[in-house]
Every structure is written in C-alpha cells, then in structure tokens.
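My questions all concern the structure below.
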Amino acid sequence: MPKITCVYVPTGAARKASSTTFYLIEQEQQLNQVEKLKLQLQMMTNDRNELREFLAHYNNELNNSTLYSQHLSEQTQLKEKVRILLDDKKKLQGEQILLQESCEEAKRLGEEAHEKIYDLWTRQLQEHQTLEENLQSLLKQKELLTRQRDLALKLQHHFTVSQMRFENLQVELEQTTAQEESLLQKELLVQKHYVLGK
C-alpha cells in the first residue's frame, strides 16, 4: 500500500529561499503518487470485472451436479477475493483523497512561502536603494568637506603670507623711523652748533 508523504514546512528567514523549491518538488511527487493510485484503481476495477465475468461463467456451469461442490468452493474464494479488492479500493480511494488534500495544502503553503520570499526580496531591495542613496549623500558630503578643507588651507596660506609681509613691513617701518629719528637728531645737533658758533 502506498505511503502518504507528510509535508514539512521549514520556518525561519534562513530557509525561506529554498522552501518554494521544496514545496514544488513535494507537490510534484504527490501528484505522481495520485496518478499511480489512479492507475492501480483502474487495474483493480479491470480485475474485478474479469472476476465478475468469471463468476457468471461459473454460475452457468453450476447446473452440472458433479462439479457443484467444486464450483461452490471456487465461487466462495472468488467472492472473498472480490471483497478484499473492494476493501483495498476503498482504502486507496481514501488515501487518494488524503493525497489530494496534501497536494492542495502543499500548494497553498508554497504560495504563502513564495509571497513571503517576494516580500522579503522587496524589503531588501528597498533597503539596498536606501543604503545606495545614503552612500551617495555621504560621498557628496565628503566631497564638500574636502573642498572646504582645501579652501581653508588656501586661506591659511594666504593669511600666513600676509602676516609675514606685514611683519616685514613693520620691521622696515621701524628701521626707517629709527633712521629718520637719527638723521633728525644729527640735524638738530648741527643746528645747535651753528647757533652756538654765532
């Protein structure tokens, strides 16, 4: 008697990517099992029809008193075989129903898993786009900071050069002032001697 395959659905985000393939393979196997059961049922129906024809043939020959006991025994055995076949047919029909229900359940679970995987993929794509946008924003900020740093360095350089020029000019001014004061004092001394000489 065929064995009913139990459907096990893995859980957890780590197994979502492989669950759809698992369900599809399981569903295909169960559908193949259903086809096999249908073929077995057809063969059993054919055997039952042949047995019925055989029983009908035997019933026609029961008029012969010599073979009556033998025919009766064979007929009883054949009826028992027919009963067993009918019981097996009912069991197979029940298993077929269970397999069909399992296939429908596997299909439903497969669709749910596919939907969950699609949703997860969509969220990951959105997160990737957000990260890409953030990265572009950071790169722009870095470029702006680099420009600002370069500008600050240039301004610092210009300030340093201007400061050095100012200090040089101040030194020159002090030197010039000192020279002018020295010349002025000399002129004053000359004028003083000139006045005293008169």
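The values are calculated or read from the model by the stated rules, or taken from the named source; none is laboratory data. Because the structure is a prediction, the values reported are computed rather than measured. All Cβ positions, glycine included, derive from the backbone under ideal geometry; neighbour counts span all protein chains shown. Heavy atoms of the whole protein, side chains included, go into the accessibility calculation; ligands, DNA and RNA do not. Shrake-Rupley method; radii C 1.70, N 1.55, O 1.52, S 1.80 Å.
Quick grid of which residues meet (1) touching a residue at least 24 places away in the same chain (Cβ under 8 Å); (2) open to solvent by 50 Å² or more (accessible area, probe 1.4 Å):
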{"residue": "Leu31", "(1), (2)": "yes, yes"}
{"residue": "Leu78", "(1), (2)": "yes, no"}
{"residue": "Ile84", "(1), (2)": "no, yes"}
{"residue": "Glu132", "(1), (2)": "no, yes"}
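For the condition within 45 Å of the chain's Cα centre (by Cα), of a type in the set (A, V, I, L, M) and assigned to a helix (DSSP H, G or I), what is the one hit in Ile117, Ile84? Can you show your working first?
Values: Ile84 fails: within 45 Å of the chain's Cα centre (by Cα).
Just a single option satisfies the conditions, and that option is Ile117.
Another one. Cβ contacts < 6 Å: first residue within 12 Å of Lys89 (Cα to Cα), restricted to region 35-54; second residue part of a helix (DSSP H, G or I) and open to solvent by 70 Å² or more (accessible area, probe 1.4 Å), any location; separation 6+ or different chain. Result?
As it stands, the answer is none, since no pair meets every condition given.
Limited to region 144-198, what total is found for residues that are within 60 Å of the chain's Cα centre (by Cα) and among the polar types (S, T, N, Q)?
Looking only at region 144-198, we keep the residues that are within 60 Å of the chain's Cα centre (by Cα), and these are 144-160.
Next, only the ones that are among the polar types (S, T, N, Q) stay: 146, 148, 156, 160.
The qualifying residues number 4.
If you scan region 86-130, which residues turn out to be of a type in the set (A, V, I, L, M, F, W, C) and loosely packed, with under 14 Cβ neighbours inside 10 Å?
Taking region 86-130 first, the residues of a type in the set (A, V, I, L, M, F, W, C) are 86, 92, 97-99, 103, 106, 109, 113, 117, 120-121, 125.
Answer for region 86-130, where residues must be of a type in the set (A, V, I, L, M, F, W, C) and loosely packed, with under 14 Cβ neighbours inside 10 Å: Leu86, Ile97, Leu98, Leu120, Trp121, Leu125.
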